[in-house]
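These notes concern the structure reproduced below.
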Amino acid sequence: MGAPRGRRNCCDIGHCTRERLEIPRGERYEMCRSVHAEANAIIHAARADMIKSTLYLVGKEKDTGNYVKNASPCAMCRRMVMNAGISNVIVRNTREEYANIVVLDEWINNDDSLAGVFGY
């Protein structure tokens, strides 16, 4: 995750706009300077290579370096993953533990957007 090419990252400008505005995780990502890792992966791959592929993700807290607890792609990234045809998303929870998200079962058939679920 990082700012678009040619722009400075939050760490380069000295602040995160979303943190400064106290925006909760999983909400208002249009206020974020960054392009999410999921979006970057999809942008840089051919559609044919995405079909039935597996996407691997790890998140670390910027202040502590600890793994993000219960990490999951934001709603926008979930939609991009579904449209790209990715079948599994593996998320690293700890150094030894991973979650395997089966996109069809967990995001397509179980459509949390109908319940207004936010965050990650």
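Inside the stretch 73-104, can you point out the residues that are farther than 17 Å from V35 by Cβ, within 13 Å of the chain's Cα centre (by Cα) and open to solvent by 50 Å² or more (accessible area, probe 1.4 Å)?
M82, R92
Scan A46, A39 and give me the residue that is aliphatic (A, V, I, L, M) and touching a residue at least 12 places away in the same chain (Cβ under 8 Å).
Numbers: A46 fails: touching a residue at least 12 places away in the same chain (Cβ under 8 Å).
Result of the check over A46, A39: A39.
Quick one: would you say N83 is out of contact with any Leu (no Cβ under 6 Å at 6 or more places or on another chain) and either over 26 Å from I23 (Cα atoms) or not in a loop (DSSP other than H, G, I, E, B) (or both)?
Values: out of contact with any Leu (no Cβ under 6 Å at 6 or more places or on another chain): yes; either over 26 Å from I23 (Cα atoms) or not in a loop (DSSP other than H, G, I, E, B) (or both): yes.
Here the answer is yes, as N83 does meet what is asked.
Against the condition open to solvent by 90 Å² or more (accessible area, probe 1.4 Å) and either over 21 Å from C32 (Cβ atoms) or out of contact with any Phe, Trp or Tyr (no Cβ under 7 Å at 6 or more places or on another chain) (or both), how does N70 come out, does it pass?
Values: open to solvent by 90 Å² or more (accessible area, probe 1.4 Å): yes; either over 21 Å from C32 (Cβ atoms) or out of contact with any Phe, Trp or Tyr (no Cβ under 7 Å at 6 or more places or on another chain) (or both): yes.
Taking the combined requirement at face value, the residue satisfies it.
Is it fair to say A48 is of a type in the set (G, A, S) and at pLDDT 85 or above? First the steps, then the outcome.
Details: of a type in the set (G, A, S): yes; at pLDDT 85 or above: yes.
Considered against the rule, which asks whether it is of a type in the set (G, A, S) and at pLDDT 85 or above, A48 comes out as yes.
Being of a type outside the set (S, T, N, Q) and part of a loop (DSSP other than H, G, I, E, B) is the filter here, so list the residues in the stretch 86-120 that pass it.
Quick first cut of the stretch 86-120, residues of a type outside the set (S, T, N, Q) only: 86, 89-92, 95-99, 101-108, 111-112, 114-120.
Once the filter is applied, which keeps residues that are of a type outside the set (S, T, N, Q) and part of a loop (DSSP other than H, G, I, E, B), the stretch 86-120 yields I86, R95, E96, E97, D111, G116, V117, F118, G119, Y120.
The values are calculated or read from the model by the stated rules, or taken from the named source; none is laboratory data. Predicted model only: the values in this text are computed from it and were never measured. Counting neighbours? That spans all protein chains shown, and the Cβs are built from the backbone with ideal geometry, glycine included. Accessible surface areas use protein heavy atoms only, side chains included; no ligands, DNA or RNA. Shrake-Rupley method; radii C 1.70, N 1.55, O 1.52, S 1.80 Å.
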